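The values are calculated or read from the model by the stated rules, or taken from the named source; none is laboratory data. Keep in mind the model is a prediction, meaning the values are calculated, not measured. Here the Cβ is made from the backbone with ideal geometry for all residues, glycine too, and neighbour counts use every protein chain on show. Just the protein is used for accessible areas: all its heavy atoms, side chains included, with ligands, DNA and RNA removed. Shrake-Rupley method; radii C 1.70, N 1.55, O 1.52, S 1.80 Å.
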Amino acid sequence: MIFLIEFDRPTRRTLLYKTFQDTELPKARDERLQIELDLNRRGLLMQHEVVLLQARNEEALRRTHARYLEHLPQAAEPVLASK
């Protein structure tokens, strides 16, 4: 499973959490690039992290990258949080 996450460093909040199947890696990469280009245009790229992470499941991701998921409920539904 692939996880696309946008994280606001100053507020330590996850703004975007979206999942993709492993076979959708090109689509996930394209979405990541579009987000980074938009953040760059708005001058926010240095304040935000946009990451693609691969893990067996969300539980494994929570063990390795907990800071991205701290405020999300367990087994969170993939969501687009409002910006």
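Mind checking whether some residue in the stretch 39-51 is under 11 Å from residue 4 (Cβ atoms) and of a type in the set (A, V, I, L, M)?
Of the stretch 39-51, the ones under 11 Å from residue 4 (Cβ atoms) are 50-51.
Narrowing the set further to residues that are of a type in the set (A, V, I, L, M) leaves 50-51.
Yes.
Considering only residues that are of a type outside the set (D, E, K, R) and under 9 Å from the mean Cα position of the chain (by Cα), look in the stretch 6-21 and name the one that is nearest to residue 69 (Cα to Cα). Even if it seems obvious, please write down each step before you answer.
Looking only at the stretch 6-21, we keep the residues that are of a type outside the set (D, E, K, R), and these are 7, 10-11, 14-17, 19-21.
Now restrict to residues that are under 9 Å from the mean Cα position of the chain (by Cα): 7, 14-17, 19.
Values: 7: 9, 14: 7, 15: 10, 16: 10, 17: 9, 19: 13 Å.
Here the answer is 14.
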Fill in the blank from the handout: Filter the stretch 22-46 for residues that are over 14 Å from the mean Cα position of the chain (by Cα) and in contact (Cβ under 8 Å) with a residue 12 or more places away in the chain; the one that is most open to solvent (accessible area, probe 1.4 Å) is 22
